[in-house]
1. Within the stretch A:403-449, how many residues turn out to be within 11 Å of chain B (Cβ to nearest Cβ) and among the hydrophobic types (A, V, I, L, M, F, W, C)?
2. Would you confirm whether any residue within the stretch B:156-178 is under 25 Å from the mean Cα position of the chain (by Cα), over 26 Å from A:K352 (Cβ atoms) and either modelled with pLDDT of 80 or more or surrounded by 14 or more Cβ atoms within 10 Å (Cβ to Cβ) (or both)?
3. Looking for something of a type in the set (D, E, K, R) and touching a Phe, Trp or Tyr at 6+ places or on another chain (Cβ under 7 Å) - is there at least one such residue anywhere in the stretch A:102-113?
4. Kindly evaluate B:I74 against the criterion of being under 20 Å from B:Y261 (Cα atoms), more than 14 Å from every other protein chain (Cβ to nearest Cβ) and within 22 Å of the chain's Cα centre (by Cα).
5. Among the residues in the stretch B:93-106, are any touching a residue at least 24 places away in the same chain (Cβ under 8 Å) and in a helix (DSSP H, G or I)?
6. Determine which member of the set A:P360, A:P333 is part of a loop (DSSP other than H, G, I, E, B), more than 26 Å from the chain's Cα centre (by Cα), away from chain B (no Cβ under 14 Å) and surrounded by fewer than 20 Cβ atoms within 10 Å (Cβ to Cβ).
7. Of the conditions (1) over 30 Å from B:L89 (Cβ atoms); (2) at pLDDT 90 or above, B:E222 satisfies every one except a single condition; which number is it?
8. For the structure I just gave you, tell me whether B:V148 is within 30 Å of A:C140 (Cα to Cα), surrounded by fewer than 18 Cβ atoms within 10 Å (Cβ to Cβ) and more than 14 Å from chain A (Cβ to nearest Cβ).
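The values are calculated or read from the model by the stated rules, or taken from the named source; none is laboratory data. Quick caveat, the model's predicted, so the values are computed rather than measured. Using ideal geometry, Cβ is built from the backbone for each residue, glycine included, and neighbour counts are taken over all protein chains shown.
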Amino acid sequence: MAIVEIKDLTYYYPDTVKPALNKINLSINEGEYVLVMGGSGSGKSSLVKTIAGLIPEFYGGKIAGSLAIAGINSKKLDKKSFVQKVGIVFQDPESQLVMTNVEQELAFGLENLGLSTDLIRRRIMEVSGALSISSYQQSCHAELSGGLKQKVALASILAMQPDILILDEPTSQLDPVAGEEILTMIRRLNEENGITVILIEQRLERCFHLADRFLVMDKGKLVFNHTNSESIARWAGEKNSPFIPPLARLFAQTGFSRIPMTIKEGRSLINKVTGTQNSKNKQGKPVLNNVEVKKACEQSISKQTPLVIAEGVWFLYENGSEALKNINLRVNPGEILVLMGENAAGKTTLLKNLNGLLKPARGKICIANRDIKNMQVEELAGTVGYLSQNPNDYLFLDTVRAELEFTQKNLDINDPDKSEELLKRLDLLKYAEDNPRDLSSGERQRVALASILVSDPQLLLLDEPTRGLDYSLKAELGRILLELKEKGKAIILVTHDIEFAAEIASKVVLMSQGSIIGSGNKYEMLTRSTFYSPQISKLFSKINDNIVTFAEGVNYLQELINNREDSSAMLRSG
Amino acid sequence: MMYTYKEKNNLIYKLNSRTAISYIFLLVLFSLIMSHPFFLLGLLLAVGVVIISADIVREWIVYLKVSLGFIIIIVLVNCIFVKAGRTVLWWGPYIPGLGKLRITLEALCYAVGMGLRFLVIISAFCLFNYTVHPDKLLKLLGKSGNRVVLALSLSTRLFPVMMGDYHRIKEVQRCRGVNFQEKRLWRKAQKYIPIMNIMLISGLERSFQLAEAMEARGYSLEGKSYYSLELWRPRDFVIFAALGLATALGIWLMILGVTDYQYYPVLNDINWKDGLQAGFFSMLLMIPAVLNWGWNKWPLLRSKI
């Protein structure tokens, strides 16, 4: 039976002329795990908010068509039944927790439903046990990590025992480990409790293989709706859509008849291909041989003078914790260095030491041949650009152009051409007179980046720039960073996104507990690792350990197919 | 308040909030009614011992340091402006408008008494701030459906979040070349305007998202219920009994006039009996600290109370 039935649904937000949802027809069966994909502003959130009853109740606007939950028309469902049937978890835990402590938070929705104290107590016990948050029941939210806060938000919805659980990018603000934990919990809820799950998620490589139904939204329309993962992979391949994980995209793009969803399936397919080859070719011919890899490394160790030199840098926070321990680092112009590692490894602290926001306790940092010991952040701002995690922290002026002018004015730069050129290069010229707060998340990030680049810094520091970005926005950011690299800028970026790092890094530094535990070019650092390897490297692990980027994967797979065809032809002719 | 509350593992934190608030309320009430320095000292000793046992001495010292400045002002103002009192300690120069400066023992003692009262109130406030959970307090003020209570709860929850926002935005502004080291006050204030601006815009966006999340969890529904976290334990009854005794003793002593003290025109006589009564009264108010000590020392007692 369809638990959600949508017919000809069209919706306009108040004071808009373009529909946010355009003639949607959709049927979701009970117990399905539905993955909703689409770019920024495609209507994904509007769709799930309609199913959750927030549209049009909370937002207002005009709506046409019908929505039925468990066979009952939404207009006939009273608010209480709606809330009990459908629960929604949003992306930012900070913006959905209401009370100050965990137990009160879990009780909030149950109090609203008018449940008795005994029942509330029982529900809290059950849900906090199931999500392993019992020991935090008396903790204040301020003491919890981002991952735990999101678990509390999820628990507070689950306590209301909804039939349908909607999650709107629940892991976008979390680090990969916490994100993984949330996605595992969601899978368990779906598999073990039969809860219908509707998930909007950007980290497709982690949940794509779990979904029973795939929806793709574009400009308010439902452009793809199917239960077969291979069909969506093929469809995305044909349409050149970025909304499939790299693994599936690789096989779809190289014309495989079967599309694997997991690394295990992918490797089995590859083994079938390589299995037909003679023993000489079994290890596969690397896309880059050892000499080429060495060359790639040497490119990054350029003969130029390093732009950043950190020697024996130590840093202590006021509470006495040693956040950096003996850091030695060199970054050349035209190099992208990616800092990776677990949470609290010291990555952000290192960035803040490099731009002067924090001062090392011991050691020396030189930027562009100048010791920055006695230099203030403001003095360094023209040389070192810093983009923090949240682009909203940058935006307060009425227009995009004014944001760029603000930085120029502070740094006494009078170069309107530079700002114009940057607006053009970052595809922001059409929004130059718009309020940056009215733009989408990807566009806001580009404005924040432009407000930094306008001072033409030689060194660019980026802290988690891909957080919350979808595949296409990530690809666009990667393109911009590679362009800057080509222009000779040095870039240091902190990211947990291994797929992104694989595509753009020249050098990778792994940090743990304040120390550098490994550094090298991406071929050395991002292969042969169980956790710090992109999907493509994992796929070809021990077959060809020199493949990191998607393009290399495509070339190599194509080569394997060609070799196979050659051998078959040889066998046939022999 | 949320910013300061951090639960510690001792009995003072594990009292029913009604017990804790009643205790603090009575301390403040007695300090306002009683004027005898022995009784004020007794109240200060009692609250001090409870604070020490609650392990918030470091926080208390900050409050005491701030209070010291106020007490000095109280003493100075009282000594300079109050001409009552017969025991002159020092004749000062002639000051236009005030006449000849005359500092009396009575005015000095009165100021010290006021200072003691101020210290009791500040210490009670410190105890309240660090040991009463804001959620529990808000629950006492009204059911969770109450809009004022919800607004207060949200404000306390978002305070640390906004402090984090402030520091982050300031860092970002510095990275865009804004120099906050400006010497001229007006120009310095101007530099802070963008920070406030961003905080306001982000705050509004967050409020909208919070409202949406609350709506999704049925906040607008009628017929809410009330979930209480609080348990009554023997420790609460023991403390309430001690408070009852202290109140009865306090009222009886007030009726007898023992808790009053006349500073002017000459200081009342002080006898040892007043000290004994004040000491006994103070000991009743130290019961929470005694219970906490036993709670920490004897697991058996801990299991019983």
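1. The qualifying residues number 5.
2. yes
3. Yes, the stretch A:102-113 contains a residue that is of a type in the set (D, E, K, R) and touching a Phe, Trp or Tyr at 6+ places or on another chain (Cβ under 7 Å).
4. Answer is yes for this residue.
5. Yes, the stretch B:93-106 contains a residue that is touching a residue at least 24 places away in the same chain (Cβ under 8 Å) and in a helix (DSSP H, G or I).
6. Within the list A:P360, A:P333, the selection yields A:P333.
7. (2)
8. Yes: the conditions hold for B:V148.
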